[in-house]
1. Return yes or no: is Glu151 touching a residue at least 24 places away in the same chain (Cβ under 8 Å), acidic (Asp, Glu) and assigned to a strand (DSSP E or B)?
2. Scan segment 279-301 for residues that are touching a strand residue (DSSP E or B) at 6+ places or on another chain (Cβ under 9 Å), on the phi < 0 side of the Ramachandran plot and assigned to a loop (DSSP other than H, G, I, E, B) and jot them down.
3. For segment 226-256, name all the residues that are in a strand (DSSP E or B) and under 22 Å from Gly190 (Cα atoms).
4. Just name the residue that is surrounded by the fewest Cβ atoms within 10 Å (Cβ to Cβ) out of those in segment 194-218 that are β-branched (Val, Ile, Thr) and within 21 Å of Ser50 (Cβ to Cβ).
5. Does Glu184 count as buried (at least 17 other Cβ atoms within 10 Å of the Cβ), at negative phi and acidic (Asp, Glu)?
6. Pairs under 9 Å by beta carbon, first residue surrounded by 11 or more Cβ atoms within 10 Å (Cβ to Cβ) in segment 313-325, partner in a helix (DSSP H, G or I) and hydroxyl-bearing (Ser, Thr, Tyr), six or more apart or different chains?
7. Among the residues of segment 258-267, is any surrounded by 12 or more Cβ atoms within 10 Å (Cβ to Cβ), among the basic types (Lys, Arg) and not in a loop (DSSP other than H, G, I, E, B)?
8. Pull up segment 167-177, narrow it to residues that are crowded, with 18+ Cβ neighbours inside 10 Å and either over 24 Å from Glu197 (Cβ atoms) or of a type outside the set (Val, Ile, Thr) (or both), then point me to the one that is nearest to the chain's Cα centre (by Cα).
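The values are calculated or read from the model by the stated rules, or taken from the named source; none is laboratory data. Since we're looking at a predicted model, the values are computed, not measured. Neighbour counts run over all protein chains shown; Cβ positions are idealised from the backbone, glycine included.
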Amino acid sequence: MRTAAVATLYVLALVSLDAQDRAKPQTGTKTAATQWRTPWGDPDLQGTWSNQTLTPLERPKDFADKPVLTEAEAADYEKRLVQAGNVDNRQPGTVQDVNLAYNQVWWDRGNKIVADRRTSLIVDPTDGKIPPLTPAAQKRRDEDRKASDNERSAASWLDFDVYSRCIIRSALPRLSTGYNNNYEIVQSPGYVAILQEQMHETRIIPVGNGTHLPSSVRQWLGDSRGHWEGNTLVVETTNFTDEGRGSTFQYATKNMKLVERFTRISDRTIDYQFTVSDPDTWTRPWTAKLPWNRIDGLIYEYACHEGNLGLEHMLSAARAADGKK
């Protein structure tokens with residue numbers, strides 16, 4: 001019944017979004033009080049958005065003392081990043097060749113850094129770096145890297161991360177990746193739904209109900225609860241799970257707390273910020289900021305399992321390798 005109710009909410013919200021688009025006036029200016037508002041008065045975040053960007057999460061060493069680039073520096077940096085991302089000159093037949101199977105035709109990183117020309121998505125700490133990991137988190141990181149190296153001799157599908165198993169792309173918060181950086185937001189009174197292109201899951205966020213699920217209930221994308229602070233949607237997410245490698249963000253524990261802030265700042269831009277905190281992972285909370293830019297068009301189904309023989313072939317190759325030992 002819950003699944004049917006969620007599906008109904010999503011369909012009704014899509015219908016509401018379509019009706020609003022057709023009803024919006026094409027001329028005239030909006031006052032501050034009515035700018036980007038739903039018919040029931042909430043700030044309107046609806047639409048299809050992309051968070052693609054070339055800006056790295058952490059500030060590169062080359063820009064250690066330069067949080068913001070000039071226009072000329074930004075243009076040169078963007079050009080270098082695009083060239084570095086094009087792997088057409090790799091050596092055929094090598095492991096690296098397979099790891100870099102996609103060339104520039106497939107990538108969807110865009111060709112720009114963020115509009116304010118920051119050299120990192122991280123804005124706090126001011127050095128643009130992730131705070132130091134705790135000793136326990138360093139151990140989890142090292143174990144994860146070792147497990148990743150051992151995937152070529154995996155005993156079962158459980159030895160692969162949740163991405164390879166088509167469960168989730170990665171834990172929240174979602175950062176810009178090589179492709180499938182698109183999201184669709186729909187709203188109804190009391191709810192915000194965010195469809196993530198990859199793996200095609202939808203977050204249903206109750207707005208105004210701040211009571212989280214019991215701590216015994218753990219979910220791949222946690223338990224999200226939202227409220228409005230002026231024109232900003234603030235979403236707090238807890239109740240994450242650590243069942244499966246790659247199911248937590250940046251080696252965090254399942255007890256990480258995520259606070260996201262969505263603010264519509266123009267017809268085609270949402271200012272998105274997130275803060276993560278977990279005393280068992282980082283020595284202090286940290287915050288990143290990146291724009292969600294509006295795109296024209298629909299998000300089509302991302303059917304990860306459909307016709308996907310990768311996991312089967314990786315396991316059969318591992319068994320063949322076992323036979324040669």
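1. When the stated conditions are applied, Glu151 does not pass them.
2. Thr281, Thr283, Arg284, Pro285, Ile295, Asp296, Leu298, Ile299
3. Restricting attention to segment 226-256, the residues satisfying the condition of being in a strand (DSSP E or B) are 226-229, 232-238, 240.
Selection gives Gly226, His227, Trp228, Glu229, Thr232, Leu233, Val234, Val235, Glu236, Thr237, Thr238.
4. Across segment 194-218, the extreme among qualifying residues is Thr202.
5. So Glu184 fits the description; yes.
6. Correct list of pairs: Ala318/Ser153; Ala321/Ser153.
7. The answer is yes; a qualifying residue exists.
8. So, considering only residues that are crowded, with 18+ Cβ neighbours inside 10 Å and either over 24 Å from Glu197 (Cβ atoms) or of a type outside the set (Val, Ile, Thr) (or both), the one nearest to the chain's Cα centre (by Cα) is Arg174.
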